[in-house]
1. Give the residues of the range 54-107 that are within 21 Å of Arg160 (Cβ to Cβ) and of a type in the set (Lys, Arg), sorted by residue number.
2. Given the conditions (1) out of contact with any Leu (no Cβ under 7 Å at 6 or more places or on another chain); (2) small (Gly, Ala, Ser); (3) farther than 27 Å from Thr82 by Cβ, which single one is not true for Ser164?
3. Looking at this structure, is Gly126 in the same structural domain as Gly157 (by TED's automatic domain parsing), within 19 Å of the chain's Cα centre (by Cα), over 15 Å from Leu165 (Cα atoms) and in contact (Cβ under 8 Å) with a residue 12 or more places away in the chain?
4. Which of (1) closer than 14 Å to Val176 by Cβ; (2) open to solvent by 40 Å² or more (accessible area, probe 1.4 Å); (3) among the β-branched types (Val, Ile, Thr) does Thr120 not meet, given it meets every other one?
5. Within the range 45-113, which strands (runs of 3 or more DSSP E) (wholly inside it) include 2 or more residues that are under 20 Å from the mean Cα position of the chain (by Cα)?
6. Note down all Cβ pairs under 6 Å where the first residue falls in the range 50-71 and is open to solvent by less than 60 Å² (accessible area, probe 1.4 Å), the second is small (Gly, Ala, Ser) and at pLDDT 80 or above, and they're at least six residues apart or on different chains.
7. Determine, yes or no, whether Glu95 is acidic (Asp, Glu), modelled with pLDDT of 85 or more and open to solvent by 70 Å² or more (accessible area, probe 1.4 Å).
8. Would you mention how many residues in the range 134-170 are over 19 Å from Gln117 (Cα atoms), touching a residue at least 60 places away in the same chain (Cβ under 8 Å), surrounded by fewer than 16 Cβ atoms within 10 Å (Cβ to Cβ) and touching a strand residue (DSSP E or B) at 6+ places or on another chain (Cβ under 8 Å)?
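The values are calculated or read from the model by the stated rules, or taken from the named source; none is laboratory data. Only a predicted model underlies this, so the values are computations on that prediction, with no experimental measurement involved. Here the Cβ positions follow ideal geometry from the backbone for every residue, glycine too, while neighbour counts run over all protein chains shown. For accessibility, only protein heavy atoms count, side chains too; no ligands or nucleic acids. Shrake-Rupley method; radii C 1.70, N 1.55, O 1.52, S 1.80 Å.
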Amino acid sequence: MFGAQKDRKAVKTRRLTAVVLLFAVSACVTSLSRASELDSRIEALKSQVHEHSANVFALQQSILHPANTRLAVFLTLGAGDTLELDSVELYLDGEPVASHLYSARELRSLDNGGVQQLFTGNLSSGEHELKTVVSAQAANDHFVRRESVYRFTKRPGPFRIQMSLDAQAPDFEPRVVFHEWK
């Protein structure tokens, strides 16, 4: 009789253990589904944050650089063998707005037809003066530093200016040519 009671207790214990295990597995499955639900909510929030960040950046750009007053100055090089550019300084209405020292990699890019954006900013409509100071080594091994001045009238809307540098033989003097891009 005592053996039968032990067997019943063992069966009850096994059943109880099975129920507890079943409950634990059910709780784990529920936790996993909640975790995946939480992960999807986190991804949705990340997406919303990214979208809001892009909107804030666009708004910031429109406030800082309104299209109505925007000015951009770009640099290009002529024949690459005649001038090794060292630095460019840019002044707008007498105030320094940009300066750049060139690395060998940047010079190769410009020599291969690259265009560098030297300056982007805001400018009111009217008469203005753009001055550039170019430091370079000419093909005849002379180090030169030249100033060039460009006077222009800024009209409402975006305004772009291309600044081209070149040096022609036999004197290899740097020449700066300004063009308004439409």
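1. Arg70 - this is the single residue of the range 54-107 that is within 21 Å of Arg160 (Cβ to Cβ) and of a type in the set (Lys, Arg).
2. For Ser164, the failing item is (3).
3. No; evaluated as a whole, the condition is false for this residue.
4. (1)
5. Working: elements: 70-77, 83-92, 95-101.
Answer list for the range 45-113: 70-77, 95-101.
6. Leu71/Gly121
7. Working: acidic (Asp, Glu): yes; modelled with pLDDT of 85 or more: yes; open to solvent by 70 Å² or more (accessible area, probe 1.4 Å): yes.
Here the answer is yes, as Glu95 does meet what is asked.
8. Counting residues in the range 134-170 that are over 19 Å from Gln117 (Cα atoms), touching a residue at least 60 places away in the same chain (Cβ under 8 Å), surrounded by fewer than 16 Cβ atoms within 10 Å (Cβ to Cβ) and touching a strand residue (DSSP E or B) at 6+ places or on another chain (Cβ under 8 Å) gives 1.
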